[in-house]
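Report on the following structure.
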């Protein structure tokens, strides 16, 4: 998480530097245009005063062309001034965002005090992939990835025999397409997951305290070793004690 914050801060700082360089360049251009407009405005005033004198001849085509050119340059100066103000506002917004990122907490909600080990950092959705079943953490990622892809068969293969049977019963009457869509919908808002803590319940049984960003909820998942592989054996809230309303489980 600290690495992610550092990347965000660096990106914001880079944005501020780029915007500051643009502001500096526009300031230089702005000053040059101001000097040009001041000189040209003097010429325009002179031409206008001559044109207003009763005895003066009518303005020539050259004079009218010069006046039009001066007006065009004045309009360009106004555009540059507006752009400079817009960039200043963006720089202020980037600076404020940078301060907010630095002040943001580096970790999600604290794990259960009874849990033994804090296991992983956040795993962003973009990096989810099938990770096998060699560890409880790998099985969790494999199951969530299969669910997000609508891969019903791989999702069931991530479950313990009892949990797989329960899931199949809950899917009775649904087509494979409906089941796949249901899995994708259940994980649509998840941006990442993080194992906050890992607690050993028995040599072949552990509980993972998992936080799902995007859904902003935590749940406790039981992982059981079946042979040489770890399998998802259900949610701790269903098997041991009721979960709070804020901990609504993902696959049931």
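The values are calculated or read from the model by the stated rules, or taken from the named source; none is laboratory data. Just so you know, these numbers come straight off a predicted model, no measurement behind them. Quick reminder, even Gly has a Cβ in these numbers, built from the backbone with ideal geometry, and neighbours come from all protein chains shown.
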Based on this model, can you work out whether residue 212 counts as in contact with a strand residue (DSSP E or B) (Cβ under 7 Å, 6 or more places away or on another chain), buried (at least 18 other Cβ atoms within 10 Å of the Cβ) and free of Cβ contacts under 8 Å to residues at least 40 places away in the same chain? yes
Within segment 184-209, the residues that are under 20 Å from residue 129 (Cβ atoms) and touching a strand residue (DSSP E or B) at 6+ places or on another chain (Cβ under 7 Å) are 190, 191, 192, 193, 194, 195, 208
- Query: Does residue 81 count as at pLDDT below 80 and surrounded by 12 or more Cβ atoms within 10 Å (Cβ to Cβ)?
  - Reply: yes
| query | Taking residue 130, is it part of a helix (DSSP H, G or I) and modelled with pLDDT of 85 or more? | reply | no
Checked against (1) more than 34 Å from the chain's Cα centre (by Cα); (2) over 22 Å from residue 130 (Cα atoms), residue 168 satisfies every condition except (2)
Of those in segment 152-174 that are at pLDDT below 90 and buried (at least 20 other Cβ atoms within 10 Å of the Cβ), the residue nearest to residue 204 (Cα to Cα) is 155
